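Trainee: Please find one structure pasted underneath; my questions will follow.
Coordinate-derived values only; no laboratory data. Not measured: the values here are computed from a predicted model. We place every Cβ from the backbone using ideal geometry, glycine too, and count neighbours over all the protein chains shown.
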Amino acid sequence: MKKVVLVTGANSGIGLALCERLLSQDAQLQLCLACRNMQRAEAARQALLVSHPQAQVTLLHLDVGNMRSVLRAAEEFKQKYNRLDYLYLNAGIMPNPRVDHKAFYKGLFSSNVVHMFATGEGLLTQEDKVTPNGLQEVFATNLFGHFLLVRELEPLLCQMDHNSLVIWTSSSNARRSAFSLDDIQHQKGREPYSSSKYASDLLSLALNRHYNNRGLYSSVICPGLVMTYLTYGILPSFFWTLIMPIMWLIRIFTNTFTLSPYNGADALFWLFMQKPESLDPMAKYHSLTSGLGNNYTQPHKVRTDSQILSLIFFMPILGDFRY
Ligand SMILES: NC(=O)C1=CN([C@@H]2O[C@H](COP(=O)(O)OP(=O)(O)OC[C@H]3O[C@@H](n4cnc5c(N)ncnc54)[C@H](OP(=O)(O)O)[C@@H]3O)[C@@H](O)[C@H]2O)C=CC1
Ligand SMILES: CC(C)CCC[C@@H](C)[C@H]1CC[C@H]2C3=CC[C@H]4[C@H](C)C(=O)CC[C@]4(C)[C@H]3CC[C@]12C
């Protein structure tokens, strides 16, 4: 049976690199690129077809931050396909990022320096906005639209004869202290990205609790620090080029500087090679790259408690949101 794979945010960066790796591994794959910008999506499809001319690659229009678009896309997908083996929830945004330069220079001369570079902790704030659905944009895009997509695709994901895997692209910037159940959309804070990524770690764990007995498994990954449109949006590209030698140097001390989209996609690709039921339901899988440039994937337990896991799944907004 040909495997069906859906990837959100597949037209650039880590998502596109993943698609390349998936097609190199399994030429029989039915790959669906779910993107909001159809021009870029078509360009990505053509690029994939250059290296894999026989591949079956389709496009699905999806703006994951717009709940109507999510419902429409899920309907269209269900009409086209009768199974879904891997659902990669990879699209993500970090709008209007600001670097706290003072914190950066302070961190540079502290014992925390490697951790600071690996996670960006305390260095970044973002300016969020409200979408036409009345949701915070970062929450809607990075978390809620994806959650709705999982719920809508449930009939394809929960099937008797095979298991399926949902995979969230999270981040090492996901921080428990940035997230609060009382402000799940992070309306009050200035770190919506960190909050949304921690919420995706939690939701992935919660999905395992609720769906494993129906054949749906969920995993969450961290790609490390990767040079993509997302990172080029934080500092101007000439600046990144300037500090690139330093970045390569830092790679000797931290294996989280994966840098290329190919390396960053390692954990996403590694999960494709595993049996969903053999995975640790409480783990986050990290793409790592050694100083010599070797890729590998390593699991780390997600730090959480049982109560928050039970609560997040039943948050009113996740259960009965009206669009
Ligand atoms: N780069 C890094 O260092 C890290 C990245 N990540 C995560 O990796 C994921 C991929 O990002 P990355 O490859 O780095 O960056 P890119 O900006 O290259 O990719 C982001 C993708 O998400 C898509 N996207 C954004 N918003 C929407 C939307 N509303 N609907 C549909 N698609 C959307 C973009 O499409 P479009 O072209 O239309 O904008 C693009 O394809 C993100 O979730 C990010 O948070 C996590 C940790 C580190
Ligand atoms: C001279 C300066 C002002 C240099 C500032 C460097 C910082 C802008 C970057 C240092 C570490 C970077 C990050 C680390 C982790 C990433 C995380 C995994 C993610 O999901 C998104 C991007 C990061 C937060 C990234 C952002 C830039 C840095 C903070």
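Trainee: Taking amide hydrogens as modeled 1.01 Å from N in the peptide plane, which residues meet the under 5 Å criterion relative to LEU62, leaving out close sequence neighbours?
Mentor: For LEU62, the qualifying residues are CYS35, ARG36.
Trainee: Sticking with this one: Give me the count of lysine pairs in region 97-204 whose alpha carbons sit under 23 angstrom apart, restricted to pairs 8 or more positions apart or on different chains.
Mentor: Going through region 97-204 pair by pair, I get 4.
Trainee: Run the simple label-point estimate for ILE234 and HIS101 please: 7 Å along Cα→C-beta, distance reported in nm.
Mentor: 1.7
Trainee: Also: I'd like to know how the chain sits against the 2.2 N^0.38 Å rule of thumb: what's its Cα Rg over that expected value?
Mentor: Its radius of gyration relative to the 2.2 N^0.38 Å reference: 0.95.
Trainee: Using the per-residue mean of other Cβ atoms lying within 10 Å as a proxy for protection, in what order, highest first, do the peptides 189-201, 158-170 fall?
Mentor: Ranking, from highest mean packing down: 189-201, 158-170.
Trainee: Where a ≥ b ≥ c are the square roots of the eigenvalues of the C-alpha gyration tensor, would you call region 180-323 rounded, which needs a/c under 1.5, or, failing that, prolate if a/b is larger than b/c, or oblate?
Mentor: Note, shape of region 180-323 comes out oblate.
Trainee: Here's something else I'd like to know. In region 209-317, what trypsin sites (Lys or Arg not before Pro) fall in a loop by DSSP, with at most 15 other Cβ atoms inside 10 Å?
Mentor: Sparse-neighbourhood loop trypsin sites (Lys or Arg not before Pro): ARG303.
Trainee: How many percent of DSSP beta bridges within the chain run antiparallel, rounded to 5?
Mentor: Of all bridge pairs located within the chain, approximately 25 percent are antiparallel.
Trainee: For the chain, build the charge dipole from Cβ charges (+1 Lys, Arg; -1 Asp, Glu) around the Cα centre, then report which of LEU60, LEU311, ALA17 sits farthest towards its positive end.
Mentor: The residue sitting farthest along the positive end of the dipole is ALA17.
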